[in-house]
1. Being touching a strand residue (DSSP E or B) at 6+ places or on another chain (Cβ under 8 Å), surrounded by fewer than 16 Cβ atoms within 10 Å (Cβ to Cβ) and in contact (Cβ under 8 Å) with a residue 12 or more places away in the chain, is that true of even one residue in the stretch 158-165?
2. Given the criterion in contact (Cβ under 8 Å) with a residue 40 or more places away in the chain, assigned by TED's automatic domain parsing to the domain that holds residue 143 and more than 16 Å from the ligand (Cβ to nearest atom), identify the matching residue among 85, 97, 37.
3. For residue 59, are the conditions met, namely being away from the ligand (no atom under 16 Å from the Cβ), surrounded by 14 or more Cβ atoms within 10 Å (Cβ to Cβ) and either farther than 24 Å from residue 274 by Cα or not assigned by TED's automatic domain parsing to the domain that holds residue 278 (or both)?
4. May I ask you to list the residues in the stretch 288-301 that are surrounded by 17 or more Cβ atoms within 10 Å (Cβ to Cβ) and either at pLDDT below 95 or not in a helix (DSSP H, G or I) (or both)?
5. Kindly indicate the residue of the stretch 1-20 that is in a helix (DSSP H, G or I) and within 16 Å of the ligand (Cβ to nearest atom) and also modelled with the highest pLDDT among those meeting that condition.
6. What are the residues in the stretch 106-147 that are crowded, with 17+ Cβ neighbours inside 10 Å and either assigned to a strand (DSSP E or B) or on the phi > 0 side of the Ramachandran plot (or both), if any?
7. Could you tell me which residue of the stretch 267-286 is nearest to the ligand (Cβ to nearest atom), considering only residues that are modelled with pLDDT of 95 or more and either touching a strand residue (DSSP E or B) at 6+ places or on another chain (Cβ under 8 Å) or at positive phi (or both)?
8. Only one of these conditions is not met by residue 77: (1) over 30 Å from residue 280 (Cα atoms); (2) in the same structural domain as residue 246 (by TED's automatic domain parsing). Which number is it?
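The values are calculated or read from the model by the stated rules, or taken from the named source; none is laboratory data. Bear in mind that the values here come from a model prediction, so they are computed numbers and not experimental data. All Cβ positions, glycine included, derive from the backbone under ideal geometry; neighbour counts span all protein chains shown.
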Ligand SMILES: Cc1ncc(COP(=O)(O)O)c(C=O)c1O
């Protein structure tokens, strides 16, 4: 008789965004005259930049002619894209990454979720708390954790690294040594960044203990301040211990087009085995390559015109972030993030829990955000707003919150 993967049953039922969606639908049904503004889910709102659209059209036309038609893409990605990424995202920043260390995919979520497959199920993972849920849930599914403890709001067998105002929302080295360390900077949900010195400490620690750092840099393009690392490979020794994930979703509005990549340096070896080789084997077996037209669109992001246009979009979102940050500060809120990331992390007022503040904001200001407790117990008492809305709605939302 067929049996299911029992590990899936360890996952608690209600997913954060479906719980939010349900509450918002109920509110709208009961209050049809109210205009609800959504600053909750981290999806972009600006259309794809003209240079990228031009490239998409050209690639679509190529597919319609026998002489330029393309079938299956190379499963690790087209050279035209891998070459330009290696040059513009890494070598230009002094990071020695070669094109064949870059694996093109349809986004960072799949890669972050799938990467654990190539590591032993005995490995112990460490994650930030609060955390982007994919890192934990994918390891639960694989059986790398114990069961969910309702009281603690955490899985047994996982090292949770508290991120709070005291440590600047960047984790301290834990007492117990993890095998796999998930780090995400700029961070979702807190909007925090890590300095190069602190990231270097993590790299040194991982090399010393034989751990691997899984570094999610999906929001790298939002870094505005100098001295903040854009890639973990800016740190010495990272080629021996780190894997990096990147995404075109927030960099160039590809949440609907789907494109990302993972970097695995060939120097990363465990038990004498090349991790790069294992991922290549896994990718080749289970993945048939990102679509040609989307990879051409990705290439256009690196052209002079494409770069300028996506920079403008990011500046638009970051202007929203500034308006939210300043608006909330002047209204007396304690706020974090929003400087190098499109997320603003605010302390809920008084003793309100994250969900109480959610209800308060929805009911009184008709604004939707994300309760911090949905990202882990250390998110309790915090709330996430995103800068991905349009300007008009962002300004109106902040005005409404100021009048609460
Ligand atoms: C930290 C982080 N990593 C990865 C992703 C997913 O990126 P993609 O759209 O490329 O799958 C997100 C999306 O919200 C994210 O916040």
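1. Within the stretch 158-165, the subset touching a strand residue (DSSP E or B) at 6+ places or on another chain (Cβ under 8 Å) is 158-163, 165.
Filter once more, keeping what is surrounded by fewer than 16 Cβ atoms within 10 Å (Cβ to Cβ): 165.
After this cut, where a residue has to be in contact (Cβ under 8 Å) with a residue 12 or more places away in the chain as well, the list is 165.
Yes: the stretch 158-165 contains one or more residues that are touching a strand residue (DSSP E or B) at 6+ places or on another chain (Cβ under 8 Å), surrounded by fewer than 16 Cβ atoms within 10 Å (Cβ to Cβ) and in contact (Cβ under 8 Å) with a residue 12 or more places away in the chain.
2. Working: 85 fails: more than 16 Å from the ligand (Cβ to nearest atom); 37 fails: assigned by TED's automatic domain parsing to the domain that holds residue 143.
Answer to the check: 97.
3. On the way: away from the ligand (no atom under 16 Å from the Cβ): yes; surrounded by 14 or more Cβ atoms within 10 Å (Cβ to Cβ): yes; either farther than 24 Å from residue 274 by Cα or not assigned by TED's automatic domain parsing to the domain that holds residue 278 (or both): yes.
Yes; evaluated as a whole, the condition is true for this residue.
4. In the first step, residues of the stretch 288-301 are kept if they are surrounded by 17 or more Cβ atoms within 10 Å (Cβ to Cβ); the result is 289-301.
Correct list: 289, 290, 291.
5. From the stretch 1-20, those in a helix (DSSP H, G or I) are 6-10, 16-20; that's our starting set.
Those still in the list that are within 16 Å of the ligand (Cβ to nearest atom) too: 16-18, 20.
Values: 16: 84, 17: 84, 18: 87, 20: 94.
It comes out as 20.
6. Hits for the stretch 106-147 are 107, 125, 126, 127, 128, 129.
7. Filtering the stretch 267-286 for residues that are modelled with pLDDT of 95 or more and either touching a strand residue (DSSP E or B) at 6+ places or on another chain (Cβ under 8 Å) or at positive phi (or both), the one nearest to the ligand (Cβ to nearest atom) comes out as 279.
8. The failed condition is (1).
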